[in-house]
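Only one structure is covered here, and it is reproduced in the block below.
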Amino acid sequence: MYKYENGLIIGRFQSFHKGHEHIINTALSLCKKVFVYIGSSQESETEHNPFTYIFRKELIEKCFSEEIKNKRIVIAPLKDVGIGNNSDWGDYVVKKFEKDFDATPNVIISGKEAQRIAWFSKSQPIDTVYVPKILNISATKLREAILENNFEYWKQYTNDKIWGEFAKMRKIILEIRRNKK
């Protein structure tokens, strides 16, 4: 028996790491079904957002193939709409969720970040579960490790199911660097 029917996770996953994985596993323990929105889905080929939505989705699928096959996890794109980090953004997300999945999220599962607290208005009947960090991990530092070809650092924070993607990720980031110059 699960505490919630529909859980929602929102993240950019640039790049997907064990902290993200921990949040998804927590959601799976609480929710019958977990919906993962990959944010900034229209963004790629920039230093801050190097990877495409499709590539980020593939990384998550490699780590959670069984749960996706069993329809416990559903992944979808979430475009930025220029609203900012406020309750208008939360309203946009909930309306999009209802349209995309013909359901309502019962709980938002995330790492505790101050900006996320303001995303959802108090009038929305959605619980929030904050998952404490298990590692001092940063996607920015992981992208730097990829750029520096520091596989040993990167792999300690990522699932072994995606280790084979390191060279591809490095190629993407190096190409962005070259184009910036």
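So the values come out like this:
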quantity	calculated
Some residue of the stretch 33-53 being in contact with a helix residue (DSSP H, G or I) (Cβ under 6 Å, 6 or more places away or on another chain), open to solvent by less than 60 Å² (accessible area, probe 1.4 Å) and free of Cβ contacts under 8 Å to residues at least 40 places away in the same chain	yes
Helices (runs of 4 or more DSSP H) fully within the stretch 123-181 counting 3 or more residues that are at negative phi and open to solvent by less than 60 Å² (accessible area, probe 1.4 Å)	139-147, 166-180
Answer from GLU47, GLU43, GLU66, GLU113 - the residue that is modelled with pLDDT of 95 or more and within 28 Å of PHE166 (Cβ to Cβ)	GLU66
Pick from the stretch 69-95, criterion surrounded by 15 or more Cβ atoms within 10 Å (Cβ to Cβ) and modelled with pLDDT of 95 or more, ranking: farthest from the chain's Cα centre (by Cα)	ARG72
Residue selected from the stretch 1-18 under the condition surrounded by fewer than 19 Cβ atoms within 10 Å (Cβ to Cβ) and outside any strand (DSSP E or B), by the criterion modelled with the lowest pLDDT	MET1
Filtered residue count, the stretch 55-109, keeping only those that are under 20 Å from TYR130 (Cα atoms), assigned to a helix (DSSP H, G or I) and out of contact with any strand residue (DSSP E or B) (no Cβ under 9 Å at 6 or more places or on another chain)	3
Those residues of the stretch 4-60 which are under 21 Å from ARG177 (Cα atoms) and in contact with a Cys (Cβ under 9 Å, 6 or more places away or on another chain), in sequence order	PHE16
Unmet criterion (only one of (1) in contact with a helix residue (DSSP H, G or I) (Cβ under 7 Å, 6 or more places away or on another chain); (2) of a type in the set (Ser, Thr, Tyr); (3) assigned to a helix (DSSP H, G or I)) for SER29	(1)
Subset tally (residues that are within 13 Å of the chain's Cα centre (by Cα) and not aromatic (Phe, Trp, Tyr)) for the stretch 8-52	25
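The values are calculated or read from the model by the stated rules, or taken from the named source; none is laboratory data. If you're wondering where the values come from, they're calculated on a predicted model, not measured in any experiment. Neighbour counts run over all protein chains shown; Cβ positions are idealised from the backbone, glycine included. Keep in mind that these areas ignore ligands, DNA and RNA; they rest on the heavy atoms of the full protein, side chains included. Shrake-Rupley method; radii C 1.70, N 1.55, O 1.52, S 1.80 Å.
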